[in-house]
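Student: Could you have a look at this structure, given as structure tokens, before my questions?
Just so it is clear, none of the values below were taken in a lab; they were calculated from the coordinates. None of the values given here were measured: they were computed from a predicted structure. Positions of Cβ are generated from backbone atoms using ideal geometry, with glycine treated the same way; all protein chains shown enter the neighbour counts.
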Amino acid sequence: MSNYRTEKDSMGSLNVPVNALYGAQTQRAINNFPISGQSMPKAFIKALLIAKRAAAEANGELNHLSKEMAQAIIDAVDNLLQEDFIKHFPVDVFQTGSGTSTNMNANEVLATLANQNIEEKVNANDHVNYGQSSNDIIPSTIHISSAIELEDKLIPTLQHFVDITSNKANQVEKFVKTGRTHLMDAMPITLGQSLRTWADQISQNIIHLKQLQPSIQSLAQGGTAVGTGINADNNFAAAFNHALSSYSNIKFTPADNFFTHISSQDIAVALSGQLKTVAISIMKISNDLRWMNSGPLAGLGEITLEALQPGSSIMPGKVNPVIPEAAAMVSAQVIGNDTTISVAGQSGNFELNVMLPVIAKNLLESIELLSNVSKLLADKAISSFEVNEESLKQALDKNPILVTALNPIIGYQKAAEIAKLAYKENRPIIDIAEENTDLSREELSTLLDPAKLTLGGIN
């Protein structure tokens, strides 16, 4: 048993690996939950450590911890964040629903490290966890980690997508293509109009994410076990949020109602819903790219995406739209994550939601996946595709739906007859219209000019 040491907690003694920074409560969780092999996300653990730092600073200011002890805990956090800290947090995601095991994991690790640099004995429960409960620190950490990832990763990445797509829209504005509704030929649009639609979808998502930021930056911290704030200084919430805001450069505030933030996860559910909307936008854009790139001979072949890798192990020369496909799979995963979070959000039984770890895991995974794939989609699909102008022109020249522009002159019924004849004979609409109306070729060329038709109105 030389590889183990004996640790004690309120339930008795058990063996812990000799070099582990954590103690008995963490080891019990490791033993109890050998379920998925997935520990809590790195972004969550980092936010939890930052929260412990803010708590130590606040408790030091409020004289609930000695200055030396508070500083020892702060130093322990700072030093831990400079190394590969995640290895010290092995507790499975699928654990007690309050996340108590992960909270105690952090408390024990920080107590061990703090005790290396101070004579005064630092206790995981009495000192590192002072004025806190798992029931407020874990919901707070869900908000803190999500807020940091939104501010530092997702929103900037989505803005990058908007910028790249808008720039590409300007580059391809001159190209006119057949529009499609129901996957069927419709009136013409420019490629620039298509891409600006994508950019606007993501811009709208950014607006909605920013609207949620004040809510996700409001914290349960200070409510302790059930929302009453038992065992926490009345000034702790304000001091905690001040310390956290100063450290993170993000404005965090105490919740208006601690009970709500502890008993429910409605804000996390709302954020997940907006992430699902981002995913749906990404899915739509990815599928548009795949359709436009399809072929190159038997599909639409309107654009050619950047060739990134061989597309087949058996068909030489085949190249596939791998980035849009990856983005579509990310979208499917995020939509699934939202379903999990929606179910978990319903588990706010009386004074506490008891599916906090799985909410945290899925929420942060969605943010990370969307952040990573949005950049790839912008940089390796949208910015680099080439336009197949000849393919666009061939489809436009024979598009009978252009006859819609003649409705005000010859009427819907006559226009429909001309369109059907053009389809039947597979001839350009201008030729059929010239033969079946009193309009001259010159008039028809003006009326049926695809570029002018993209401007809307009556030309």
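Student: Run through the range 307-395 and list the trypsin sites (Lys or Arg not before Pro) located in a DSSP loop whose Cβ has at most 11 other Cβ atoms within 10 Å.
Tutor: Of the trypsin sites (Lys or Arg not before Pro), the ones in loops of the range 307-395 whose Cβ has at most 11 other Cβ atoms within 10 Å are Lys318.
Student: Let me ask you something else. Using θ = phi - 60° and the Karplus form 6.51 cos²θ - 1.76 cosθ + 1.60, what ³J(HN,Hα) does each residue of the range 24-37 get, whole Hz, x for Gly and Pro?
Tutor: 5, 5, 5, 4, 4, 5, 4, 5, 7, 10, x, 10, 10, x
Student: When you have a sec, figure out the Kirkwood radius of the chain from all distinct Cα pair distances and drop it here in Å to one decimal?
Tutor: The Cα-based Kirkwood calculation yields 25.6 Å.
Student: Using the basic label-point model (7 angstrom from Cα toward the beta carbon), what is the Ala298 to Asn125 distance in nanometres?
Tutor: 6.9 nm
Student: How much FRET efficiency would the formula 1/(1 + (r/R0)^6) give for Thr228 and Asn63, where r is the Cβ-Cβ distance and R0 is 30 Å, rounded to 0.05?
Tutor: Working: r = 22 Å, r/R0 = 0.74.
E(calc), rounded to 0.05, equals 0.85.
Student: Amide H of Thr96: which non-local residues (sequence gap of 5 or more, or other chain) have their own amide H closer than 5 Å, using H built in the peptide plane?
Tutor: Excluding prolines and chain starts, which carry no amide H, the hits are Ser101.
Student: Given a cut-off of under 8 Å on Cα pairs at least six residues apart, what relative contact order in percent is computed for the range 358-439? Mind dumping the intermediate values first?
Tutor: Values: 38 pairs, mean separation 19.0, N = 82.
Dividing the mean separation by the residue count of the range 358-439 yields 23 percent.
Student: Could you pull out every residue, at least 5 positions away or on a different chain, whose amide H is within less than 5 Å of the one on Ser218? Hs are placed 1.01 Å off N in the peptide plane, and Pro or chain starts have none.
Tutor: Thr253
Student: Above 23 angstrom, tally the Cα pairs of the range 72-169 and express them as a % of all pairs, no decimals.
Tutor: Value for the range 72-169: 41 percent of Cα pairs lie more than 23 Å apart.
Student: Taking DSSP loops as anything outside H, G, I, E and B, show the longest stretch in the chain free of GluC sites (Glu not before Pro) there with at most 13 other beta carbons within 10 Å.
Tutor: Between the exposed loop sites, the longest stretch runs 121-459.
Student: In vacuum, with every alpha carbon of the range 122-236 counted as one equal point scatterer, what does the Debye formula give for log10 I(q)/I(0) at q = 0.11, 0.14, 0.18 Å⁻¹? Two decimals, please.
Tutor: Taken in order of the listed q values, log10 I(q)/I(0) reads -0.59, -0.72, -0.94.
Student: How many percent of the alpha carbon pairs in the range 164-231 exceed a separation of 13 Å?
Tutor: Numbers: 1690 of 2278 pairs.
The answer is 74 percent, as a whole percent.
Student: Starting with the fewest neighbours, write out Met292, Met283 ranked by other beta-carbon atoms found within 10 Å of each beta-carbon.
Tutor: The fewest-first ordering by Cβ neighbours comes to Met283, Met292.
Student: When Rg is the radius of gyration of the Cα atoms in the range 336-439 and Rh is its Kirkwood radius, what does Rg/Rh come to?
Tutor: With Rh from the inverse mean 1/r over Cα pairs, Rg/Rh is 1.43.
Student: Also, I was wondering about something else. Would you please give the residues with an amide H less than 5 Å from that of Arg5, counting only those at least 5 places away or on a separate chain, with H modeled from the backbone geometry?
Tutor: Correct list: Val16, Val18.
Student: How far apart, in nm, are the 7 Å Cα→Cβ label points at Ala186 and Ser342?
Tutor: Label-label distance for Ala186 and Ser342, simple model: 2.6 nm.
Student: Could I get the Rg over Rh figure for the range 185-297? Both from C-alpha atoms, Rh via Kirkwood, rounded to two places.
Tutor: Reported Rg/Rh (Cα atoms, Kirkwood Rh): 1.24.
Student: Where does helix 100-114 land angle-wise versus the long Cα axis of the chain, in degrees 0 to 90, nearest 10?
Tutor: Compared with the principal axis, the helix lies near 60 degrees.
Student: Based on the alpha carbons, how large is the Rg to Rh ratio for the range 4-130 when Rh follows Kirkwood?
Tutor: With Rg and the Kirkwood Rh in hand, the quotient comes to 0.95.
Student: What does the charge add up to near Ile430, with Lys and Arg as +1, Asp and Glu as -1, over the other residues with Cβ less than 14 Å from its Cβ? Numbers along the way, then the final one.
Tutor: Numbers: positive: Lys393, Lys398, Arg427, Arg441, Lys452; negative: Asp397, Glu425, Asp431, Glu434, Glu435, Glu442, Glu443, Asp449.
Value of the local net charge: -3.
Student: So what are the radius of gyration and Dmax for the Cα set of the range 398-453, in Å?
Tutor: In Å, with Rg to one decimal and Dmax whole: 9.8, 26.
Student: How tilted is helix 191-216 with respect to the longest principal axis of the chain? Cα atoms for both, answer in degrees (0 to 90, nearest 10).
Tutor: Around 20 degrees separate the two axes.
Student: Can you tell me the 0 to 90 degree angle between the C-alpha axis of helix 236-248 and the longest principal axis of the chain, rounded to 10?
Tutor: 50 degrees
Student: Contour minus end-to-end for Asn19 and Asn349, with contour as 0.36 nm per residue of separation and end-to-end as the Cα-Cα distance?
Tutor: Length difference between fully extended and current span is 114.9 nm.
Student: Which value in deg cm²/dmol, rounded to the nearest 500, describes the helix-derived mean residue ellipticity at 222 nm for the chain, given -39,500 (n - 2.57) per DSSP H run of n ≥ 4 and division by the residue count? Don't skip to the end; give the middle numbers.
Tutor: Working: 18 runs with 257 residues, N = 459.
Estimated from H runs of four or more residues: -18000 deg cm²/dmol.
Student: Sticking with this one: What are the ³J(HN,Hα) values, in whole Hz, obtained from phi via the Karplus relation 6.51 cos²θ - 1.76 cosθ + 1.60 with θ = phi - 60°, for each residue of the range 403-418 in sequence order, with x given for Gly and Pro?
Tutor: 4, 3, 5, 8, 3, x, 9, 10, x, 4, 4, 5, 4, 5, 4, 5
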